[in-house]
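The values are calculated or read from the model by the stated rules, or taken from the named source; none is laboratory data. Since the structure is predicted, the reported quantities are computational estimates derived from the model, not experimental observations. In this analysis, Cβ positions are derived from the backbone assuming ideal geometry, glycine residues included, and neighbour counts consider all displayed protein chains. Surface accessibility is based on the protein's heavy atoms, side chains included, excluding ligands, DNA and RNA. Shrake-Rupley method; radii C 1.70, N 1.55, O 1.52, S 1.80 Å.
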Amino acid sequence: MSVSDELRDRTVGVLGGTGPQGRGLARRFGAAGLDVVLGSRDAGRAAQTAAGLPGRVRGGSNADAAAQADIVVVAVPWDGHAELVTTLAPALAGKIVVDCVNPLGFDKQGAYALPVPEGSAAQQAAAILTGSRVVAAFHHVSAVLLEDPDLDTVDTDVLVLGDDREATDLVRALADTIPGVRGVYGGRLRNAHQVEAFTANLISVNRRYRAHAGLRITDV
């Protein structure tokens, strides 16, 4: 998939980029020709990870990724979400922040959605990052599929939610850079809770059927 004009000169940062989801997204963005900064708590580990990915991917600290990127993807574990975005709020001001964090718990019965006082992880980010344009996206894309170098396409749609039309359009275009993936507008940020929570259902599907299921929106 070719990179659109509005993304061509932009840098994408990935916070938590050495985890499976962040690493997989960075791989696909790099392969698409985007300039990518892979962030981590351990800058050395990020640099080592970036060296093994295709395209223009470089590694650094999470602060480096936040400072150097125009569009920043938050792909950190839920338990470190609030602390990280609070710490990096000054560096993220004026930027599009894409939150793909799923607040989930796990027990013997499987995955389940955790309550979030703000409503969702994305709304929590928006409450903290008052100077940023927060968009929710990439919640349901399998990290296993993203990371597979032998897989040319990823068969899924990405629901993109937010209150800023320009920002959601740009994140839809970002999703479209991954072959097989389509960004689909999914509503305002206030509707992010059920999108994040639905990840628990997909995990149940995948465990039952030994799959890496995604979503497709019909008639759009």
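Which residues, counting only those in the range 6-17, are open to solvent by less than 10 Å² (accessible area, probe 1.4 Å) and of a type outside the set (A, V, I, L, M)?
GLY13, GLY17, listed by residue number.
Can you find, within the range 163-198, the residue that is most open to solvent (accessible area, probe 1.4 Å) among those that are farther than 29 Å from ASP150 by Cα and in a loop (DSSP other than H, G, I, E, B)?
Selected residue: ARG188.
Under 7 Å between Cβ atoms, which residue pairs at least 6 apart in sequence (or on different chains) link something in the range 12-39 that is over 16 Å from VAL181 (Cα atoms) and of a type in the set (Lys, Arg) with a partner that is open to solvent by 10 Å² or more (accessible area, probe 1.4 Å) and modelled with pLDDT of 95 or more?
Listed pairs, sorted by first residue: ARG23/THR49; ARG23/GLU147.
Quick one: count up the residues across the range 204-220 that are part of a loop (DSSP other than H, G, I, E, B) and over 18 Å from GLY186 (Cβ atoms).
The total comes to 3.
Can you say whether ARG58 is under 30 Å from ASP152 (Cα atoms), in a strand (DSSP E or B), modelled with pLDDT of 95 or more and of a type in the set (D, E, K, R), as far as the supplied structure shows?
yes
Are there any pairs with C-beta distances below 6 angstrom linking a residue in the range 52-81 that is within 18 Å of ALA32 (Cβ to Cβ) to a residue that is open to solvent by less than 60 Å² (accessible area, probe 1.4 Å) and among the basic types (Lys, Arg), with the two at least 6 apart or on different chains, and if so which?
From residues that are within 18 Å of ALA32 (Cβ to Cβ), the pairs are LEU53/ARG27; VAL72/LYS95.
Among the listed residues LEU92, LEU88, which satisfies the condition of being touching a residue at least 60 places away in the same chain (Cβ under 8 Å), in contact with a helix residue (DSSP H, G or I) (Cβ under 9 Å, 6 or more places away or on another chain), under 21 Å from GLY131 (Cα atoms) and not charged (D, E, K, R)?
So the residue among LEU92, LEU88 that is touching a residue at least 60 places away in the same chain (Cβ under 8 Å), in contact with a helix residue (DSSP H, G or I) (Cβ under 9 Å, 6 or more places away or on another chain), under 21 Å from GLY131 (Cα atoms) and not charged (D, E, K, R) is LEU88.
For the range 19-28, what are the residues that are open to solvent by 10 Å² or more (accessible area, probe 1.4 Å) and either of a type in the set (Gly, Ala, Ser) or in a loop (DSSP other than H, G, I, E, B) (or both)?
GLY19
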